[in-house]
Amino acid sequence: MNGTSRLRWLCRRGMKELDVLLSRFLEHGYPALDEAGQRGFARLLERQDPEIYALLTARAETDDPEIDCVVQRIRSDAGL
């Protein structure tokens, strides 16, 4: 499985809202990310749904600057 296929698989979440949001970002925002942003996105997808949801809804913060940057991009792209 190549990198993008793996990420597409990891975007499939138990929460439909996250599934849609992350899959949409993978298609439209991910290609414009630099290497650090792409690493951050991959690490974000390793987290559990409740934690990702909390980050994307600004109910939680992360001390990982690469993940934080990606979260801000996703939120901005989605109008959150």
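Which of Gly40, Gly29, Gly14 ends up with the largest GNM mean-square fluctuation for the chain, with Cα atoms connected below 10 Å?
Between Gly40, Gly29, Gly14, it is Gly14 that shows the largest mean-square fluctuation.
For the chain, modelled as a GNM with alpha-carbon contacts under 10 angstrom, which of Asp63, Asp49, Asp19 fluctuates the most?
Top of the fluctuation ranking is Asp63.
For the charge dipole of the chain, defined by +1 on Lys and Arg C-beta atoms and -1 on Asp and Glu C-beta atoms about the Cα centroid, which residue among Ile52, Pro31, Leu18 has the Cα displaced farthest towards the positive pole?
Leu18
Might you tell me the accessible area per residue for the chain, computed with a 1.4 Å probe and given in Å²?
Value for the chain: 63 Å² per residue.
With viscosity set to 1.306 mPa s at 10 °C, what whole-number translational diffusion coefficient in µm²/s follows for the stretch 34-74 from Stokes-Einstein and a Kirkwood radius over Cα pairs?
The calculation lands on 160 µm²/s.
Ratio of Rg to Rh for the chain, alpha carbon only, Kirkwood?
Here the Rg-to-Rh quotient is 0.91.
Would you mind telling me which residue in Leu33, Leu44, Leu56 has the biggest mean-square fluctuation in a Gaussian network model of the chain, where springs connect alpha carbons within a distance under 10 angstrom?
Among Leu33, Leu44, Leu56, the largest mean-square fluctuation in the Gaussian network model of the chain belongs to Leu33.
Efficiency by 1/(1 + (r/R0)^6): what FRET value for Glu51 and Asp19, r their Cβ-Cβ distance, R0 = 25 Å, to the nearest 0.05?
It comes to 0.95.
The values are calculated or read from the model by the stated rules, or taken from the named source; none is laboratory data. Every value quoted in this text rests on a predicted model; they were computed, and no experiment measured them. Cβ sites come from the backbone with ideal geometry, for glycine too, and all protein chains shown count toward neighbours. The protein model used for the area step is the full one, side chains on, heavy atoms only, and it has no ligands, DNA or RNA in it. Shrake-Rupley method; radii C 1.70, N 1.55, O 1.52, S 1.80 Å.
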